[in-house]
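Peer 1: Mind looking over this structure? Questions follow.
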Amino acid sequence: MAEGHSPVLLVHGGAWAIPDDMAEAHVNGVRLALAAGWKVLERGGSSVDAVEAAIVVMEDDEAFDAGRGSFLTSDGRVQLDALLMDGATLRAGGVGCVERIRNPIRAARLVLDESPHVYLVAEGAERFAQEHGLPLCANEELVIEREVERLREVREQAAGRPPEFFAEHDTVGAVALDSRGKVAAATSTGGTLNKTPGRVGDSSLIGCGCYADNESAAVSTTGWGEPIMKLVLAKWAADRVQEGMAPEAAAGMAIERLETRLAGHGGIILLDARGRHGLAHNTPRMAWALKSAHGEWAGIKRPGP
Ligand code: GLY
């Protein structure tokens, strides 16, 4: 593959009704993630390293539903899912339902690099990560007071009612194009608030919350995982790009499909190997940031036409 492509990095920090008093933290968080990923790209690093670096920053940032500070399961624990995919080789690594890993995207990277498998879950994923040098932590270290209180409130509201979905999504994601013309994508999440222990969402499933193929696009989604999974939405959008659609149009069409077909809500980012990007959401806000040779942008709304 030819050297000399102009790198591009696009990150998101979730699509939902981000309240005004949390907006600044979200924009700052995606900016910092962008800076970390861009540092990798500008020194000629790979898109896989760049998306991993960007996601680590957002997993470490308690503003987001990823890593420490994530939404809690119905039994008050943090359970994390993450996936990383290399668009040049289609190698992928995913982890699901891990409870003792601060940065699940690092564990996903180890699966990608060191395992003959694509996906490891729960204790097996934790053991694998530890055996490959990633320290484990206690689940309590990932739980923060804000989330204990949030869970208590929703469980009080939900008392006596059937299980309900709570519409807040701070799942984080990144897509990158490096100077060798290779794309990669990564997505990390604590899943949905008050989820049943053992529930896996879209984020760490190939083609649902994350996908990357140099022949189509790198994609990360955020939002209500169950409809996104049913539509295999990231792959669906990438396929549109492979058919010739511009990433911006494919992003818009994917979110329209999510809404019209299953009344789902969320957001999506796409980037192809030509450096063309797309972004769409049907939620009131979506935290995102973009950097390329043309400049840098960050915000909580889709840019206007
Ligand atoms: N999109 C995150 C989840 O549903 O788990």
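The values are calculated or read from the model by the stated rules, or taken from the named source; none is laboratory data. The structure presented is a predicted model; accordingly, all values stated were derived computationally and were not measured. Virtual Cβ from ideal backbone geometry, glycine too; neighbours counted across all protein chains shown.
Peer 1: Say whether the condition of being farther than 22 Å from Leu34 by Cβ and either modelled with pLDDT under 95 or in a loop (DSSP other than H, G, I, E, B) (or both) is met by at least one residue in segment 289-302. Give the steps one after another, and end with the answer.
Peer 2: Initial filter on segment 289-302 (farther than 22 Å from Leu34 by Cβ): none.
No, segment 289-302 has no match at all.
Peer 1: Still on this structure: Within segment 75-106, work out how many residues are within 14 Å of the ligand (Cβ to nearest atom) and farther than 14 Å from Ala186 by Cβ.
Peer 2: 5
Peer 1: Given (1) under 17 Å from Val30 (Cβ atoms); (2) within 15 Å of the ligand (Cβ to nearest atom); (3) in contact (Cβ under 8 Å) with a residue 60 or more places away in the chain, identify the lone condition not met by Pro284.
Peer 2: Pro284 satisfies all of (1) under 17 Å from Val30 (Cβ atoms); (2) within 15 Å of the ligand (Cβ to nearest atom); (3) in contact (Cβ under 8 Å) with a residue 60 or more places away in the chain except (2).
Peer 1: Given the criteria of a type in the set (Lys, Arg) and modelled with pLDDT of 95 or more, does Arg274 qualify?
Peer 2: Working: of a type in the set (Lys, Arg): yes; modelled with pLDDT of 95 or more: yes.
The answer is yes for Arg274.
Peer 1: Among the residues of segment 194-208, is there at least one that is in a strand (DSSP E or B) and either within 16 Å of the ligand (Cβ to nearest atom) or in contact with a strand residue (DSSP E or B) (Cβ under 8 Å, 6 or more places away or on another chain) (or both)?
Peer 2: Filtering segment 194-208 down to residues in a strand (DSSP E or B) leaves 195, 206.
Filter again for either within 16 Å of the ligand (Cβ to nearest atom) or in contact with a strand residue (DSSP E or B) (Cβ under 8 Å, 6 or more places away or on another chain) (or both), leaving 195, 206.
Checked segment 194-208: at least one residue is in a strand (DSSP E or B) and either within 16 Å of the ligand (Cβ to nearest atom) or in contact with a strand residue (DSSP E or B) (Cβ under 8 Å, 6 or more places away or on another chain) (or both).
Peer 1: May I pose another question? I'm trying to understand the selection: among the residues of segment 274-304, which are buried (at least 23 other Cβ atoms within 10 Å of the Cβ) and among the small types (Gly, Ala, Ser)?
Peer 2: Answer for segment 274-304, where residues must be buried (at least 23 other Cβ atoms within 10 Å of the Cβ) and among the small types (Gly, Ala, Ser): Gly278, Ala280, Ala287, Ala289.
Peer 1: All but one of (1) touching a His at 6+ places or on another chain (Cβ under 6 Å); (2) away from the ligand (no atom under 15 Å from the Cβ); (3) within 19 Å of Val241 (Cβ to Cβ) hold for Asn214, so report the exception by its number.
Peer 2: Every listed condition holds for Asn214 apart from (1).
Peer 1: Out of Arg43, Arg31, Arg109, Arg91, which single residue is surrounded by fewer than 21 Cβ atoms within 10 Å (Cβ to Cβ) and touching a helix residue (DSSP H, G or I) at 6+ places or on another chain (Cβ under 6 Å)?
Peer 2: Values: Arg43 fails: touching a helix residue (DSSP H, G or I) at 6+ places or on another chain (Cβ under 6 Å); Arg31 fails: touching a helix residue (DSSP H, G or I) at 6+ places or on another chain (Cβ under 6 Å); Arg109 fails: surrounded by fewer than 21 Cβ atoms within 10 Å (Cβ to Cβ).
Residue meeting the stated conditions: Arg91.
Peer 1: Right, something else. Consider Arg240 carefully, then state whether it is buried (at least 21 other Cβ atoms within 10 Å of the Cβ), among the basic types (Lys, Arg) and either in a strand (DSSP E or B) or away from the ligand (no atom under 16 Å from the Cβ) (or both). Write out each step before concluding.
Peer 2: Numbers: buried (at least 21 other Cβ atoms within 10 Å of the Cβ): yes; among the basic types (Lys, Arg): yes; either in a strand (DSSP E or B) or away from the ligand (no atom under 16 Å from the Cβ) (or both): yes.
Answer is yes for this residue.
Peer 1: Sticking with this structure for a sec: Does segment 182-193 hold any residues that are surrounded by fewer than 24 Cβ atoms within 10 Å (Cβ to Cβ) and either near the ligand (Cβ under 7 Å from one of its atoms) or in a strand (DSSP E or B) (or both), and which are they?
Peer 2: Residue satisfying the conditions is Thr192 alone.
Peer 1: Right, next: Just checking, which of Ile255, Ile300 is within 16 Å of the ligand (Cβ to nearest atom) and closer than 23 Å to Ile55 by Cα? Let's see the steps before the verdict.
Peer 2: Working: Ile300 fails: within 16 Å of the ligand (Cβ to nearest atom).
None of the other options fit; the residue is Ile255.
Peer 1: Determine, yes or no, whether Glu114 is over 14 Å from Ser188 (Cβ atoms), of a type outside the set (Phe, Trp, Tyr) and in contact with a strand residue (DSSP E or B) (Cβ under 7 Å, 6 or more places away or on another chain). Even if it seems obvious, please write down each step before you answer.
Peer 2: Numbers: over 14 Å from Ser188 (Cβ atoms): yes; of a type outside the set (Phe, Trp, Tyr): yes; in contact with a strand residue (DSSP E or B) (Cβ under 7 Å, 6 or more places away or on another chain): no.
When the stated conditions are applied, Glu114 does not pass them.
Peer 1: Please find, within segment 258-277, the residue that is nearest to Ala66 (Cα to Cα) out of those that are more than 14 Å from the ligand (Cβ to nearest atom) and of a type in the set (A, V, I, L, M, F, W, C). Explain how you work it out, then say what you get.
Peer 2: Taking segment 258-277 first, the residues more than 14 Å from the ligand (Cβ to nearest atom) are 259-261, 263, 270-277.
Filter once more, keeping what is of a type in the set (A, V, I, L, M, F, W, C): 263, 270-271, 273.
Numbers: Ala263: 24, Leu270: 20, Leu271: 22, Ala273: 27 Å.
It comes out as Leu270.
Peer 1: Is there a residue being farther than 14 Å from Gly67 by Cβ and among the small types (Gly, Ala, Ser) anywhere in segment 101-113?
Peer 2: no
Peer 1: Can you tell me how many residues in segment 208-237 are surrounded by 23 or more Cβ atoms within 10 Å (Cβ to Cβ) and either at pLDDT below 95 or of a type outside the set (Asp, Glu) (or both)?
Peer 2: 19
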